[in-house]
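Visitor: Before I ask anything, let me first share the structure, which is written out below as structure tokens.
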Amino acid sequence: MSQPTIKIPVIFIVGPTASGKTDAGIRLARAIDGEVVSADSRYLYRGMDIGTAKPDMAERQGIPHWLIDVAEPDETWSLSLFRAAADEVIRDIHSRGKKPIIVGGTGQYVRSILEGWSIPEGEPDHRLRDVLEQWGKKIGAEELHRKLDLLDPEAAANIQWQNMRRTVRALEVIFSSGKKFSAQRTVKDSPYDALIIGMKRDREELYRRIDMRVDRMIQNGLVEETAGLLSKGYSEDLPSMSAIGYKEICDYLNKKSSLDEASQLIKFRTHNYVRRQANWFKASDPAIHWVDPDDTGAMLRLIKTGES
């Protein structure tokens, strides 16, 4: 009789934007000899630091952080590529006797690891993709996303309308295969023994923290960072540049809005993003242990006993 596979213990720090995940993950890593694996799609790109609230080297306090600054802004990282890279990093951390701590608020990234998603890449249909991209440019990213919502509401719910690359990819798969994009993801038994710790904050407090963060981003040079990326030849049409913060500042630089209007729009769209994140990390989910983000002791008790 074959022996059951021993699962790697992995701690997940999840929750909405500005809830305190990054700080909590670093404190926990220091306390239990852990290393952080980012599950934030915005942290992948080099040179996009201020607009993503990416922790700098001083803020990381010597704790190794993985899957940060691994791509240029014009490189594409698919969900399947992230999943493969995350699995490799987690196994490496565990093999060295350290504790893997997954920290992030990108719901698909977190769930792909937690639930053992198998994401087929499929061969790209470049002619179809070109047609869909031209269609998107003609009708706009939001309207193209509405077309996807008519064909595959589940896929549309998991893709931000600003991310036209992912919308196009989903439509490409639907039209080329005749099947819903959302139906082609398979779930396998996860190789990890997961403890999921959620950062609990009141919604209004989150909004205040977001607004203060956006103000700091502007003060710390978000406009200059965005202008620098554009000056290096990175198009504002890139998926990475469609992230909340950069898109609005691009509009400001193109004189489509004032800086105050751009700032307010960043805040508004980030508030909306928090509400969408709640679909991935539900307060009612019994698998998530919700704690005060500043209470490291509660996190340590969860790790030791399963109770906060």
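Quick note: the coordinates plus some simple rules give every number you see, no bench work behind them. Treat the numbers as computed from the prediction; the structure is a model and nothing was measured. Using ideal geometry, Cβ is built from the backbone for each residue, glycine included, and neighbour counts are taken over all protein chains shown.
Visitor: Need one number: nm distance between label points at R91 and L128, each 7 Å from Cα along Cα→Cβ, rounded to one decimal.
Guide: Roughly 3.2 nm, to one decimal.
Visitor: Provide the gained length on full extension for the span A84 to R275, in nm with one decimal, where the gain is 0.36 nm per separating residue minus the Cα-Cα distance. Intermediate results must be reported in sequence, preceding the final value.
Guide: Numbers: separation 191, 0.36 × 191 = 68.76 nm, distance 2.82 nm.
Length difference between fully extended and current span is 65.9 nm.
Visitor: Looking at segment 190-274, which trypsin sites (Lys or Arg not before Pro) are in a loop (DSSP not H, G, I, E or B) and have at most 14 other Cβ atoms within 10 Å?
Guide: Sites meeting the loop and neighbour criteria: K232, K255, K256.
Visitor: Tell me the label-point distance for the pair K147, E115, using the 7 Å Cα-to-Cβ offset, in nm and rounded to one decimal.
Guide: For K147 paired with E115, the spin-label model returns 2.7 nm.
Visitor: OK, next. If the cut-off is a Cα-Cα distance under 12 Å, which aspartates and glutamates reach K200, setting aside same-chain residues fewer than 8 apart in sequence?
Guide: Filter leaves D292, D294, D295.
Visitor: Is there a quick way to get the dipole size of segment 126-184? I mean about its Cα centre, with the Cβ of Lys and Arg at +1 and of Asp and Glu at -1; what is the value in debye to the nearest 20? Please list the in-between numbers first.
Guide: Details: 11 positive and 8 negative charges, 36 e Å.
It comes to approximately 180 debye.
Visitor: I would also like to ask the following. Please report the net charge: other residues with Cβ closer than 15 Å to the Cβ of L151, K and R +1, D and E -1.
Guide: Values: positive: R146, K147, R166, R169, K179, K180; negative: E143, D149, D152, E154, E172.
Net of charged neighbours comes to +1.
Visitor: Here is a further query. What Kirkwood Rh does segment 126-184 have if only Cα atoms enter the pairwise 1/r average? Answer in Å. Provide the component values of the computation, followed by the final result.
Guide: On the way: mean 1/r = 0.0910 Å⁻¹.
Hydrodynamic radius (Kirkwood, Cα only) of segment 126-184 equals 11.0 Å.
Visitor: May I pose another question? Expressed as a whole number of Å, what is the distance separating the alpha-carbon centroids of segment 165-235 and segment 47-115?
Guide: 13 Å
Visitor: Now, a different point. So which lysines pass the test for K232, namely a Cα distance under 20 Å, with those fewer than 8 places away in the same chain ruled out?
Guide: K247, K255
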